[in-house]
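Structure first, commentary second.
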Amino acid sequence: MINTLRELRAERGWSQGDLADALGVSRQSINALETGKFDPSLPLAFRIARLFGKGIEEIFDDGLGHMKKAAE
Amino acid sequence: MAQLTFREANKRYRRAFIPAMVVYTVAVFGGSFLLKQFETPPTWLSAIVALIMAAPIGVVLWLMWRLTRETDEFTRQQQMSAMAAGGLMTAFFSVVWGFLELYNVVPALWTFLVGPFFFLSYGLVYCFGRRSLVGPGFEK
């Protein structure tokens, strides 16, 4: 899954460790999320979205959004 | 109980793991020393010493289980994958060795070695193979 986590973190000047502490996860988790090696659970995705004050779909993209738009 | 953070879960694990290992070390050396005092130790005493030696390992296994429940989801997935891989490798090794033993190709191994084999394979997978075990799920 593609996400904008790295950009959002950079905008705030946070390190991976800062974000990990804010979310209560390991720094390795943040790295795996940013590199797309790991998809978060729904509760973690909500925590991330709330932390950045954005909607989940503004941060995470499963690549199927264009299909939804085409159907509409 | 409230959800623990990754750091809190690790701290809770270490706080219980270290005393368990101290008890294990004391039990192994103390138990061996105690049994050496007898020319032929009574079976009941040997059984008690063996169970006391094994108890801290049971505690450590439980702590590992608790850590996987309390840690963050990415670490949990890595831990569980490594544990499963270690368990499967141990099961496969036991079956292969068991058949070889059945046909007198290899000598009988102590059942005791199954535990260290599991911990070794689990540890090696966790150190060197966990990245390949945890993926983003089903790819399109």
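The values are calculated or read from the model by the stated rules, or taken from the named source; none is laboratory data. Not measured: the values here are computed from a predicted model. Cβ atoms come from the backbone with ideal geometry, glycine included; neighbour counts cover every protein chain shown.
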key: Checklist (1) of a type in the set (A, V, I, L, M); (2) modelled with pLDDT of 95 or more; (3) surrounded by 12 or more Cβ atoms within 10 Å (Cβ to Cβ); (4) not assigned by TED's automatic domain parsing to the domain that holds B:Arg130 applied to B:Val22, failing item   = (3)
note = Within the stretch B:92-132, restricting to residues that are exposed (fewer than 11 other Cβ atoms within 10 Å of the Cβ) and of a type in the set (Phe, Trp, Tyr), the one that is modelled with the highest pLDDT is B:Tyr103
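Do we find a residue being surrounded by fewer than 18 Cβ atoms within 10 Å (Cβ to Cβ), at pLDDT below 90 and more than 22 Å from B:Tyr126 (Cβ to Cβ) anywhere in the stretch A:2-18?
To start, the set of residues in the stretch A:2-18 that are surrounded by fewer than 18 Cβ atoms within 10 Å (Cβ to Cβ) comprises A:2, A:4, A:6-7, A:10-15, A:17-18.
Add one more test, that the residue is at pLDDT below 90, and what stays is A:2.
Add one more test, that the residue is more than 22 Å from B:Tyr126 (Cβ to Cβ), and what stays is A:2.
Yes, some residue in the stretch A:2-18 is surrounded by fewer than 18 Cβ atoms within 10 Å (Cβ to Cβ), at pLDDT below 90 and more than 22 Å from B:Tyr126 (Cβ to Cβ).
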remark   = (1) over 15 Å from the mean Cα position of the chain (by Cα); (2) more than 21 Å from B:Phe128 (Cα to Cα) all hold for B:Pro56 apart from (1)
